[in-house]
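Take a look at the structure set out below.
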Amino acid sequence: MPTYKKGSKNDYQLVVADKTWKKLKERLKSISRKTAPVKLEERIAKIKEVQRGWLNYFRGTSIMGKLRDLDGWLRNRLRYCIWHD
């Protein structure tokens, strides 16, 4: 869904749909469940795999702010996994 950049006329900026963000968050949530019997290294490897594919697919979009928020959320979930072990 393209949107206009603020302050520039006739200049488009590509954004990722909210539905797609929700799907990514659900996928990361399933990987980072603290009750799942998976080692931390395996979790991180799987998260890196999902992240790499997702970022390559949405390479030309402006998503830095939302990625920063998602990163903080995911770090907290991984911290809970470490505490649970």
Separation of the residue 50 and residue 73 label points, Cα + 7 Å toward Cβ, nm: 1.1 nm
Option label - semi-axes √(5λ) of the Cα gyration tensor in Å computed here, alternatives (i) 72, 14, 9; (ii) 31, 12, 10; (iii) 18, 12, 12: (ii)
Backbone N under 20 Å from the residue 39 label point (7 Å along Cα→Cβ), restricted to segment 48-85: 48-50, 78-85
Derived scalar couplings ³J(HN,Hα) [segment 68-85; Karplus, 6.51 cos²θ - 1.76 cosθ + 1.60; whole Hz; x for Gly, Pro]: 5, 5, 5, 5, x, 4, 5, 4, 4, 5, 5, 4, 5, 5, 5, 5, 5, 6
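Quick check for me: using +1 on Lys/Arg Cβ and -1 on Asp/Glu Cβ, what's the dipole size of the chain about its Cα centre, in debye to the nearest 20? Mind showing how you got there, number by number?
Working: 22 positive and 9 negative charges, 27 e Å.
Dipole magnitude for the chain comes out near 140 debye.
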With Cα atoms, 0 to 90° folded angle of helix 40-57 axis to the chain main axis: 10 degrees
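No value in this document is a laboratory result; all are computed from the given coordinates. Just so it is clear, the structure is predicted and the values come from calculations on it, not from any experiment. Here the Cβ is made from the backbone with ideal geometry for all residues, glycine too, and neighbour counts use every protein chain on show.
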